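What follows is a single structure, written as structure tokens, with notes after it.
The values are calculated or read from the model by the stated rules, or taken from the named source; none is laboratory data. Only a predicted model underlies this, so the values are computations on that prediction, with no experimental measurement involved. Cβ atoms come from the backbone with ideal geometry, glycine included; neighbour counts cover every protein chain shown. The accessibility values were calculated without ligands, DNA or RNA, using every heavy atom of the protein model including side chains. Shrake-Rupley method; radii C 1.70, N 1.55, O 1.52, S 1.80 Å.
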Amino acid sequence: MASASNQEYTNQNEEEMKPLMISVTAPATLPEGYTFEAYLNDDPSRPFICEVPEGGVEEGKTFLTPMPDTGDANRIKAPTGKWKDGLFNCFSLGVCHPSLCCAFFCTRIAMAQIMTRMSLTWLGEPGQKVATQNTFKVVVLLVVAYMIYSTSLEVASMDYGPGNTPILILVLKSVGSFLFTVWSLYSLCRTRQSVRRQYSIPEEHCHGCEDLCCSFF
């Protein structure tokens with residue numbers, strides 16, 4: 001089967017669309033332009049020909065390639081090249097919609113769901129199946145562990161006044177909060193970057209750091 005890189009992608013309005021990208025793990029160190037057989041979702045019954053991108057790849061590294069046309073008419077044609085919804089479209093299904101509530105009150109859990117669907121690691125990066133199959137569990141454990149950690153320190157400091165809290169407790173609070181915040185920002189930034197790359201969505205503002213800026217807000 002030929003690579004999908006030369007195919008035309010159109011939506012219902014016959015507008016040209018960018019290809020949907022999928023991540024592939026290089027079986028060996030390969031030069032630019034080399035072609036080999038890969039499998040969709042590691043399914044041997046769904047092979048396709050993959051071409052190594054510019055610059056070549058090292059063994060075990062993942063890279064993006066256009067998704068091949070499998071001829072499946074029932075496959076959902078996901079929009080590419082731009083975000084499907086705008087900034088305030090999150091309210092289009094109502095303020096009490098489960099997805100909105102989960103994203104607002106349990107941001108990391110909602111992020112973990114996206115990571116799992118896109119086969120990303122707990123850092124928001126593409127990886128092999130063995131490294132991504134437990135992403136949701138890992139993220140949930142991290143969130144629960146941090147909640148227990150911070151709650152324990154709060155309980156331990158209840159016996160002290162604002163001015164005589166032991167330095168050790170203050171340091172542990174600061175370090176834990178800092179590390180959890182850094183992980184949250186980094187993983188969310190990389191997850192958004194992975195979504196953009198898979199759906200061929202270019203940066204529109206703050207070129208080079210749009211994903212990081214959006215992670216802050």
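Numbers below:
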{"item": "In the range 1-37, the residues that are at pLDDT below 70, buried (at least 17 other Cβ atoms within 10 Å of the Cβ) and part of a strand (DSSP E or B)", "result": "Y9, M17"}
{"item": "Failed criterion for V155 (all others in (1) open to solvent by less than 70 Å² (accessible area, probe 1.4 Å); (2) modelled with pLDDT of 90 or more hold)", "result": "(1)"}
{"item": "Cross-chain or 6+ apart pairs with Cβ under 8 Å, the range 109-123 first and without any contact (Cβ under 8 Å) to a residue 40 or more places away in the chain, then crowded, with 16+ Cβ neighbours inside 10 Å and not hydrophobic (A, V, I, L, M, F, W, C)", "result": "A112/T135; T116/T132; T116/T135; T121/G127; T121/T132; T121/T135"}
{"item": "Scan of the range 101-151 for residues that are touching a Phe, Trp or Tyr at 6+ places or on another chain (Cβ under 6 Å), hydrophobic (A, V, I, L, M, F, W, C) and open to solvent by 40 Å² or more (accessible area, probe 1.4 Å), ordered by number", "result": "V138"}
{"item": "Residue check, K84 among the basic types (K, R), more than 25 Å from P19 (Cα to Cα) and either free of Cβ contacts under 8 Å to residues at least 60 places away in the same chain or in a helix (DSSP H, G or I) (or both)", "result": "no"}
{"item": "The range 185-198 residues that are of a type in the set (F, W, Y), paired with ones that are open to solvent by less than 50 Å² (accessible area, probe 1.4 Å) and in a helix (DSSP H, G or I) (beta carbon under 9 Å, 6 or more apart)", "result": "Y186/S215"}
{"item": "Subset of the range 38-50 that is modelled with pLDDT under 80 and more than 17 Å from G127 (Cβ to Cβ) - its residue that is least open to solvent (accessible area, probe 1.4 Å)", "result": "F48"}
{"item": "Search result, residues across the range 135-166 that are closer than 30 Å to M118 by Cβ and of a type in the set (A, V, I, L, M)", "result": "V138, V139, V140, L141, L142, V143, V144, A145, M147, I148"}
{"item": "Residue match in the range 175-196 (condition: farther than 25 Å from I22 by Cα, outside any helix (DSSP H, G or I) and under 26 Å from the mean Cα position of the chain (by Cα))", "result": "no"}
{"item": "Pairs, first surrounded by 12 or more Cβ atoms within 10 Å (Cβ to Cβ) and in a loop (DSSP other than H, G, I, E, B) in the range 56-73, second hydrophobic (A, V, I, L, M, F, W, C) and at pLDDT below 75, C-beta under 7 Å, six or more apart", "result": "M67/A4; M67/L20; P68/M1; P68/A4; D69/A4"}
